[in-house]
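Worksheet for the structure shown next.
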Amino acid sequence: MAGSTPASATASAGVPASGGDRPRVGPWLEAWRRFRKHRLAVVSAVILAILVLGVAFGPLIWTVPIDEIDFSKRLDGPSWEHPMGTDDLGQDLLARILYGGRISLAVGFAAMFVALVVGVLVGAVAGMAGGKTDAALMWLTDLFLSLPQLPLLLLIIYLFRDSLVSVVGPEMGVFILIVVVIGGFNWMQVARLVRAQFFSLREKEFVEAARALGASKTRMVLVHILPNSLGPIIVAATIDIAAAIIAESTLSFLGLGFPPDIPTWGRLLFDAKDNLDFAPHWALFPGLMIFLTVLSINFVGDGLRDAFDPRRVKS
Amino acid sequence: MTEQRLLDIQGLKVHFRTDDGWVRAVDGVDIGVDRGETVCVVGESGCGKTVTAKSVLKLIDMPPGKIAAGKILWQGRDIVPMRAAEMRAIRSKEIGFIFQEPMTSLNPVYTVGYQIAETVRQHEGLSKRAATDRAAEMLRLVNIPNPAKRVHDYPHQFSGGMRQRVVIAMALACNPKLIIADEPTTALDVTIQAGILDLLNEMKERLGMAVLLITHAMGVVAETAQRVVVMYAGQVVEEAPVAPLFARPLHPYTQGLIRSIPRLDLAATEHKRLEAIPGAVPSLLDPPRGCRFAARCRYAIPECTAAPPPLRELGAGHFAACIRAEEIAEGRAQPAGVAA
Amino acid sequence: MTQYLIRRLLIAIPSILGISVILFAVLALAPGDPFEELATNPAIPPEVRQNLRASLGLDDPIHVRYFAWLTSMLRGDWGFSFVSRIPVDDLILQRLPTTIAVIGASQVLAICIAIPIGVFAATRPYSIFDQIANTLAFVGFSLPTFFTGLLLILLFSIHLDWLPFVYRTQLDSTGWQWWWDQVRQSIMPVTVLGLFQGAALVRFVRSAVLDVIRLDYVTTARAKGIPESAVTLRHIVRNAMIPVVTLLALQMPAVFGGAIVTEQIFRVPGIGSLLISAVLANDTPVIMAVTFVFACLVILFNLIADILYGWLDPRISYR
Amino acid sequence: MTEDDLRHLIGRVKRGDLSRRGFVRRMAALGLTAPMATQLLAVTGAAPAAAQSVPAYRPTGRRGGALRILYWQASTLLNPHFAVGTTNQDSSRVFYEPLAGWATDGTLHPILAERIPSVENGDLAADGRSVTWRLKRNVRWHDGQQFTADDCIFTFEFARNPQVGSVSSGSYMDMEIRKLDDFTIRLDFPRPTPFWADAFVGPSGQIIPRHLFGNFNGPNSRDAPTNLRPVGTSAYRFVSFAPGDTLRAEANPNYYLEGRPFFDTVEVKGGGDAVSAARAVLQTADFDYAWNLQVEDEILLRLEAANRGRVNIIEGGNIEFIQLNAADPNREIDGDRSVAAQTQHPAFRDPAVRQAMALLVDRESVSRFIYGRGGPATPNFLNNPPRFRSSNLPMEFNVARANEVLDRAGWARGQGGIRQKDGVRLRFVFQTSVNAPRQRTQQIIRQACQRAGIELELKAVTPSVFFSSDVANPDTFTKFWADMQMYTTTMSQADPQRFMNQYVSWEIASRANSWQGRNIVRWRNEEYDRVFREAESELDTVKRAALFIRMNDLICGSHHIIPVVSRPLVSASLNNLRPVLSAWDSTMWMLSDWWREA
């Protein structure tokens, strides 16, 4: 019976199959090309860039002080002098939104970063180690999942606020505190995701091949497994940012967040909620800011996931 | 067309839209299958054989794929313009399909019996009980031991070979007139492969159906085919009954294929290195003009690249798409080294 | 199967204990005092506050309080709320029906929206419908619930005056009228919560279906000649539901606690708002009991998720 | 305002050329509460018997229907003597009744009592050392039992019993009770007590049934089942109660006042926030009455525009004021800060700084733009105008004068524009509880201070933490570990004796008394202590009133206390609802007389 060696007699003489003139394209360039195809993601990336730049450099251009109380101009609608109107103390909303935006965005990204680092660490260790450590780490994750956020928020802010404030000043102190607290409560989903990815990728041939080639455990993780699980991590990251920004506004809802005179978007929205029917501009602009930021981050995340996930071929 | 001809693919062109433009996977293919006949379509992976097979039952995703031209006549009726309802009456009822990957072709969450019964109930409206009995009957037919019990088992409880038998049972459940088998044995190891091929032949004898077998293993072709179609880069380059094809291959590509089969029947002394066909399959984005094999053909001459060589009948039912076929056959054509 | 269940429950006990220890330490260290209101009223002499705290054991060392709480917990006596002196389990049972009604309905609404839209969008990838569904999903979970809640109140309760926006547990009407009042007053909280959860779910269902849609057995099913709708329902959706159902089960506890903001705006007396008022009043027994219930819910739903996974996917065997 | 000025005024009321209302208003200007003023008149025999201080009950609409009341704090307990906070007091008051209540003009109104004791009808001893209460004879408990003097005696013992730990024990201290007959009791006081109407009167005077609480008069008092299923004597009977959510009551068919109650059922719903409570009444009319609306007046005015309901403003004794810490919050001495004994606040030590701070409180803007009708600016409650209601407003907002005062005192502008002098910088932590109007007031004061070279760091603490008495918590207002703080002190007690002891030196809060001391501002003044001691033992009530006015003068003059706005009770009710409200008693004090126009 004739052997079953495939009859394809192509002598793979080194030249990759698809001929043609395309230059060798590195994975990042490839990802960027696919990302460009996702129109909405590109538009959102632009919006995000505008928001971040606006918030970073806005206060330099729009130099109206953020807490100038002027009772004659209370609750004015948008006008040339105050493009986004004023609040009930006559303070200029555009200046406050730009100033507050810096903090809200920083909180969002920093909290997401904290959640990612912790999540990936826990997930990777659990994924690679398996057995006892895996069970222990997963027990810890379940534990954190079932803890109610609020009492812990109260305690942590109460325990550390004074010591931190004396060291780095009120605004920065509370900032670190909130980032750690929000970050500390959002890593569980990422950890679970990374662990699931590790379990599925660990069995794949290319990882075994790397092990066969003598790759050390860390090298396997960093070079082979992590890049492959980039897709879901990015998606989790984008949802984390959204959750962090919304969590910051809920903290203001309870008066736990930044000191009352620091106008983060969450705080502005909370202060304005009672005047929604009389002075809608006061609530709509911060609400719009939160919405635009979170929306664009999510679309960028969606685009990145398609870009980094070759399997999801876009027809 | 004669009553005998079941399936007649005429000038089929199937193109796929990609970021870089249209890939012309199948670019003008004519294949015919008569009642009770076994036709093998052979060629390297990427030559369009699987796409051709899947197009018969419209199993390719459209978009991104589309049938650009040509007809697929099933007992005289053209399938291409058929709408979903008419297609459904043909799928598994008239033409059964056997897939390549047994490990993933069965739905993991349903029992084997349920999946076979599903086809029967769809086409013959049997009750649940009757359909399951038929399924058990089919399992016995494909030599799966203790079918009455196994019918309630799940796919993951079967080995690769057994699963392929289930797929075959599923394809034959409604007693179709034609079976298209897309490389049914590639994913299996050698010993199981033989069993599956024997089963296929046995089924052919017993149920009198025709088989269109897609493979890239010349050994399988020699074993089962009555007539062979050789495809290269989306086109048919040679078609002939199995014996003359192996005895006197006319197209240089077919000759290359046959020469690359390791021969056990030669004496140890006559062994020489296996020959490989140099070069690579051309891009199907903008295929070269003229004969697509010219770049790798040892007998290539400038005329080859002038116009696409027609499929000429050079013997009883033996066609080849090579303008120098006769010269090569009589040994007059000198191998002019590999054309630029 | 039962052997597996027992083993899982045995593992659950240490984690519940672990949670209770951490929680108790947290609460003992946390600031706040159940008798805050007394402090402002100068008429109330300070000794009263002192012996009140002493009578409830607030000033004993932490570990003494913990073991007292644990032993009484095991005996089934969940203790009295410091503030309202009502047995804690009655308090929770009183609030459970409202929570299940409102939160449960919003979760059902979320599922009823997410699954059809998710599947429909996935089966037509990158079509107009898919783009719209995707964008609406993003919009859904980008808006904080208290913002959407207020907008709804402004629109439906104040301008159009169709719906009451204060949720009243005991309605005085009976029979059909009761049902109609109950529906009218739950529409808004359920919609706000349902849309928010539904939005995140749509994206998840869509990606789960996209993963399944390209697998071989779907083509096999099509090759069998069964109608496209049957292929989608019987084969694609059935398999895509495995990750979706597990996620739903894992998310349930968060749904109970997560609706705090909505319960606050619409005054729905659910478990979430009970926890918030207990935390703000530092009412330790209630906080411990509610979080204890949450911990059990998390573990219970994890177990349910695994069982569902096993039931849905025959490949999983209970070793 | 000396003693003889007082006697002169009382004489004019007796002669009738000064109305009772005018007298009460003048007393309020001196920091004396309306009830205190009417008591003064009663004791000196200048008050006519029970003046008609409560609107007549003449319902026009058809009786019946449901009364729906909304609280943005939910009640959690229905025993008046364990009532933690006004919400629980009000909820218990739906079912229980005291012998008498305070009408909004400060006069006593009989409820379970036959009549109001007074010198004329002989029930009140001339020397103010005993008072006799005659009870109504036709009163029944909701479960049919007869209401007798024994219930009053039991309530008296129950409230005083330290093991019970009742919050109203303060009202029943240092007095004795004797049962004259089944429907008469007499209270004997060791010393002449001008303010005898404290026991059995108002929110802390609610009488509980002996036959139900009988065997719970001890440490198990909190486990009495009746705590959650009250049986009282009021116009409405208990139906159901879900703590932290809804309380429901129904009309009491055999209530002792005929023609009452008007409604079939009463529902009190709790939870949510103040603004949506206002909306639920003023805009959507889902509820008939919304309690204690701490909402910016701007919003209330707009809500009222829907003219489905109106806002009720009732003058009261509560006042929102700022305290300047007399001790130093930043020096830690063995675990304690703001230690009055050893430290003085480096900046507030200097009277010029305190005066400047007082000048920087823009009371007008806070009142007009934030509290509005809910907070009229009052420089006068604790401040002492030389004669009653004199013209020159002692407190005015003037940044320029503040800068002048600071410059003169040598506080030069240092680095960053902040004034400093021999190493002390005018940089203060200003804390208050989380509450929208308060946060706005903080921001207004912060901006004014910035203009005068003083920097304020604002801090907002969750109410349950700020007002807690938990020793481990650094953020409580009794610890006052900050430079400045602002909150509302409630003046529920008509007698200022207990109220004014917030500034005596022996009451200074410190670690020793686990910060329970009432002198939170850590202010010490020998003369104030001396005058306070005098007032305690002063027999002559008019002389005693003059002493209190002197105390006002001392504490206000020091600027350690800067009053911002007085806080009347703000509530909302539908146009056709006729509630009977009083600032000096619980919201539900006359629930029996509430009715709805057709």
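Looking at A:Leu75, is it in contact (Cβ under 8 Å) with a residue 60 or more places away in the chain, within 14 Å of chain D (Cβ to nearest Cβ) and part of a loop (DSSP other than H, G, I, E, B)? Steps first, answer last, please.
Numbers: in contact (Cβ under 8 Å) with a residue 60 or more places away in the chain: yes; within 14 Å of chain D (Cβ to nearest Cβ): yes; part of a loop (DSSP other than H, G, I, E, B): yes.
So A:Leu75 passes the test.
Taking D:Asn325 and the conditions (1) farther than 30 Å from D:Phe263 by Cβ; (2) at pLDDT 85 or above; (3) in contact with a helix residue (DSSP H, G or I) (Cβ under 7 Å, 6 or more places away or on another chain); (4) not aliphatic (A, V, I, L, M), which numbered condition does it fall short on, given that it satisfies the others?
That leaves (3) as the condition not met.
How many residues does segment D:285-310 hold that are more than 12 Å from chain A (Cβ to nearest Cβ), among the small types (Gly, Ala, Ser) and more than 22 Å from D:Thr87 (Cβ to Cβ)?
1
If we keep just the residues of segment D:72-86 that are within 18 Å of the chain's Cα centre (by Cα) and more than 8 Å from chain C (Cβ to nearest Cβ), which is farthest from D:Ala277 (Cα to Cα)? Can you show your working first?
So the first thing to find is which residues in segment D:72-86 are within 18 Å of the chain's Cα centre (by Cα), and the list is D:73, D:80-86.
Right, trim to more than 8 Å from chain C (Cβ to nearest Cβ) and you get D:73, D:80-81, D:83.
Values: D:Gln73: 10, D:Pro80: 24, D:His81: 27, D:Ala83: 22 Å.
Per the stated criteria, the residue is D:His81.
Would segment D:211-218 turn up any residue that is part of a loop (DSSP other than H, G, I, E, B) and at pLDDT below 90?
Going residue by residue through segment D:211-218, those that are part of a loop (DSSP other than H, G, I, E, B) are D:217-218.
Those left that are additionally at pLDDT below 90: D:217-218.
Checked against the condition, which is being part of a loop (DSSP other than H, G, I, E, B) and at pLDDT below 90, segment D:211-218 yields at least one hit.
Please state which one of D:Ala340, D:Ala305 is of a type in the set (A, V, I, L, M, F, W, C) and closer than 30 Å to D:Glu364 by Cβ.
Details: D:Ala340 fails: closer than 30 Å to D:Glu364 by Cβ.
From the options D:Ala340, D:Ala305, the qualifying one is D:Ala305.
Considering each residue of segment C:177-233, count those that are charged (D, E, K, R), surrounded by 19 or more Cβ atoms within 10 Å (Cβ to Cβ) and more than 29 Å from the chain's Cα centre (by Cα), and give that number. Show your work before the answer.
We begin by selecting, within segment C:177-233, every residue charged (D, E, K, R); these are C:181, C:184, C:203, C:206, C:211, C:214, C:216, C:222, C:224, C:228.
Subset that is surrounded by 19 or more Cβ atoms within 10 Å (Cβ to Cβ): C:203, C:206, C:222, C:224.
Adding the requirement that they be more than 29 Å from the chain's Cα centre (by Cα) leaves C:222, C:224.
Summing the residues that are charged (D, E, K, R), surrounded by 19 or more Cβ atoms within 10 Å (Cβ to Cβ) and more than 29 Å from the chain's Cα centre (by Cα) in segment C:177-233 gives 2.
Considering only residues that are among the hydroxyl-bearing types (Ser, Thr, Tyr) and at pLDDT below 90, which ones fall in segment D:572-598?
Pass one, segment D:572-598, residues among the hydroxyl-bearing types (Ser, Thr, Tyr): D:573, D:582, D:586-587, D:592.
Scanning segment D:572-598 gives D:Ser582, D:Ser586, D:Thr587, D:Ser592.
Are any residues in segment C:163-181 without any contact (Cβ under 8 Å) to a residue 24 or more places away in the chain and either among the aromatic types (Phe, Trp, Tyr) or in a helix (DSSP H, G or I) (or both), and if so, which ones?
Residues satisfying the conditions are C:Gly175, C:Trp176, C:Gln177, C:Trp178, C:Trp179, C:Trp180, C:Asp181.
Which one is modelled with the highest pLDDT among residues in segment D:219-257 that are under 16 Å from D:Val164 (Cα atoms) and either crowded, with 21+ Cβ neighbours inside 10 Å or away from chain C (no Cβ under 14 Å) (or both)?
Of the residues in segment D:219-257, the ones under 16 Å from D:Val164 (Cα atoms) are D:219-227.
From the residues that got through so far, the ones that are either crowded, with 21+ Cβ neighbours inside 10 Å or away from chain C (no Cβ under 14 Å) (or both) too are D:221, D:227.
Numbers: D:Ser221: 80, D:Asn227: 85.
Once the filter is applied, the top-ranked residue is D:Asn227.
Just to be sure before I move on: is A:Ile262 at pLDDT 80 or above, within 10 Å of another protein chain (Cβ to nearest Cβ) and outside any helix (DSSP H, G or I) in the structure I sent?
On the way: at pLDDT 80 or above: yes; within 10 Å of another protein chain (Cβ to nearest Cβ): yes; outside any helix (DSSP H, G or I): yes.
Here the answer is yes, as A:Ile262 does meet what is asked.
Can you confirm whether segment C:101-121 contains a residue that is touching an Asp or Glu at 6+ places or on another chain (Cβ under 6 Å), over 26 Å from C:Ile271 (Cβ atoms), surrounded by 13 or more Cβ atoms within 10 Å (Cβ to Cβ) and away from chain D (no Cβ under 12 Å)? Walk me through it before giving the result.
The first filter runs over segment C:101-121 and keeps only residues touching an Asp or Glu at 6+ places or on another chain (Cβ under 6 Å), leaving C:121.
Checking which are over 26 Å from C:Ile271 (Cβ atoms) leaves us with C:121.
From the residues that got through so far, the ones that are surrounded by 13 or more Cβ atoms within 10 Å (Cβ to Cβ) too are C:121.
With away from chain D (no Cβ under 12 Å) added as a condition, the list becomes C:121.
Checked segment C:101-121: at least one residue is touching an Asp or Glu at 6+ places or on another chain (Cβ under 6 Å), over 26 Å from C:Ile271 (Cβ atoms), surrounded by 13 or more Cβ atoms within 10 Å (Cβ to Cβ) and away from chain D (no Cβ under 12 Å).
Can A:Thr250 be described as hydroxyl-bearing (Ser, Thr, Tyr), more than 10 Å from chain D (Cβ to nearest Cβ) and under 13 Å from C:Phe146 (Cα atoms)? Even if it seems obvious, please write down each step before you answer.
Values: hydroxyl-bearing (Ser, Thr, Tyr): yes; more than 10 Å from chain D (Cβ to nearest Cβ): yes; under 13 Å from C:Phe146 (Cα atoms): yes.
Considered against the rule, which asks whether it is hydroxyl-bearing (Ser, Thr, Tyr), more than 10 Å from chain D (Cβ to nearest Cβ) and under 13 Å from C:Phe146 (Cα atoms), A:Thr250 comes out as yes.
Limited to segment D:284-315, what total is found for residues that are over 22 Å from the mean Cα position of the chain (by Cα) and over 28 Å from D:Ser240 (Cβ atoms)?
We begin by selecting, within segment D:284-315, every residue over 22 Å from the mean Cα position of the chain (by Cα); these are D:284-288, D:298-310.
Now restrict to residues that are over 28 Å from D:Ser240 (Cβ atoms): D:298-308, D:310.
Of the residues in segment D:284-315, 12 are over 22 Å from the mean Cα position of the chain (by Cα) and over 28 Å from D:Ser240 (Cβ atoms).
So B:Ala131 ticks every box in (1) in a helix (DSSP H, G or I); (2) within 26 Å of the chain's Cα centre (by Cα) but one. Which box is left unticked?
Answer for B:Ala131: the failing condition is (2).
Got a sec? Which of D:Ser91, D:Ser118 is of a type in the set (Ser, Thr, Tyr) and surrounded by 19 or more Cβ atoms within 10 Å (Cβ to Cβ)?
Values: D:Ser118 fails: surrounded by 19 or more Cβ atoms within 10 Å (Cβ to Cβ).
Unique residue meeting the criteria: D:Ser91.
Go through the residues of segment C:142-159 one by one and say whether even a single one is buried (at least 19 other Cβ atoms within 10 Å of the Cβ), of a type outside the set (Val, Ile, Thr) and part of a loop (DSSP other than H, G, I, E, B).
Yes, the conditions are met somewhere in segment C:142-159.
Filter segment B:110-133 for residues that are touching a residue at least 12 places away in the same chain (Cβ under 8 Å) and of a type in the set (A, V, I, L, M, F, W, C); which is nearest to B:Lys93 (Cα to Cα)?
Within segment B:110-133, the match that is nearest to B:Lys93 (Cα to Cα) is B:Val120.
On the given criteria, is D:Gly106 at pLDDT 80 or above and part of a loop (DSSP other than H, G, I, E, B)? Even if it seems obvious, please write down each step before you answer.
Numbers: at pLDDT 80 or above: no; part of a loop (DSSP other than H, G, I, E, B): yes.
In short, no.
Only one residue in B:Leu314, B:Leu284, B:Leu245 is at pLDDT 80 or above, surrounded by 13 or more Cβ atoms within 10 Å (Cβ to Cβ), in contact with a Lys or Arg (Cβ under 7 Å, 6 or more places away or on another chain) and at negative phi. Which one?
B:Leu284
So, in segment B:99-120, exactly how many residues are surrounded by 20 or more Cβ atoms within 10 Å (Cβ to Cβ) and more than 9 Å from chain C (Cβ to nearest Cβ)?
Total satisfying the criteria: 6.
From the list D:Arg530, D:Arg578, D:Arg550, D:Arg567, pick out the single residue that is among the basic types (Lys, Arg) and without any contact (Cβ under 8 Å) to a residue 12 or more places away in the chain. Quick ask: steps written out before the conclusion?
Details: D:Arg578 fails: without any contact (Cβ under 8 Å) to a residue 12 or more places away in the chain; D:Arg550 fails: without any contact (Cβ under 8 Å) to a residue 12 or more places away in the chain; D:Arg567 fails: without any contact (Cβ under 8 Å) to a residue 12 or more places away in the chain.
Just a single option satisfies the conditions, and that option is D:Arg530.
Go through segment B:71-93 and give me each residue that's outside any helix (DSSP H, G or I), crowded, with 19+ Cβ neighbours inside 10 Å and not hydrophobic (A, V, I, L, M, F, W, C). Steps first, please.
The first filter runs over segment B:71-93 and keeps only residues outside any helix (DSSP H, G or I), leaving B:71-83, B:91-93.
Subset that is crowded, with 19+ Cβ neighbours inside 10 Å: B:72, B:74, B:79, B:91-93.
Selection gives B:Arg91, B:Ser92, B:Lys93.
State all residues of segment B:170-188 that are out of contact with any His (no Cβ under 9 Å at 6 or more places or on another chain), assigned to a loop (DSSP other than H, G, I, E, B) and charged (D, E, K, R); if no residue qualifies, say none.
Result: B:Lys177, single match.
Quick one: in segment A:274-284, which of the residues that are surrounded by 22 or more Cβ atoms within 10 Å (Cβ to Cβ) and part of a helix (DSSP H, G or I) is farthest from the other protein chains (Cβ to nearest Cβ)?
My answer is A:Trp282.
State all residues of segment A:171-213 that are outside any helix (DSSP H, G or I) and under 28 Å from C:Thr246 (Cβ atoms); if no residue qualifies, say none. Let's see the steps before the verdict.
Pass one, segment A:171-213, residues outside any helix (DSSP H, G or I): A:185-186, A:204, A:213.
Within segment A:171-213, A:Phe185, A:Asn186, A:Lys204 meet the criteria.
Considering segment B:171-192 alone, what residues qualify as being touching a Ser or Thr at 6+ places or on another chain (Cβ under 6 Å), farther than 12 Å from B:Pro102 by Cα and in contact (Cβ under 8 Å) with a residue 24 or more places away in the chain?
Of all residues in segment B:171-192, those touching a Ser or Thr at 6+ places or on another chain (Cβ under 6 Å) come to B:173-174, B:182-183, B:190.
After this cut, where a residue has to be farther than 12 Å from B:Pro102 by Cα as well, the list is B:173-174, B:190.
Across segment B:171-192, the qualifying residues are B:Ala173, B:Cys174.
Which of the helices (runs of 4 or more DSSP H) found entirely inside segment C:231-286 contain at least 2 residues meeting this: more than 30 Å from C:Pro87 (Cα to Cα) and more than 11 Å from chain D (Cβ to nearest Cβ)? If you could, list the steps in order and put the result at the bottom.
Details: elements: C:238-258, C:260-266, C:271-280.
The qualifying helices (runs of 4 or more DSSP H) are C:238-258.
Report the residue count in segment D:461-488 for those that are modelled with pLDDT under 75 and either assigned to a loop (DSSP other than H, G, I, E, B) or more than 7 Å from every other protein chain (Cβ to nearest Cβ) (or both).
Residues meeting the conditions: 7.
Quick check: is even one residue across segment D:416-427 away from chain C (no Cβ under 14 Å) and in a helix (DSSP H, G or I)?
Here is the first cut: in segment D:416-427, the residues away from chain C (no Cβ under 14 Å) are D:416-427.
Adding the requirement that they be in a helix (DSSP H, G or I) leaves D:416-417.
Yes.
The values are calculated or read from the model by the stated rules, or taken from the named source; none is laboratory data. What you see is a predicted model; the values in this text were computed from it and never measured. Cβ coordinates were reconstructed from backbone atoms using ideal geometry, including for glycine residues, and neighbour counts include every protein chain displayed.
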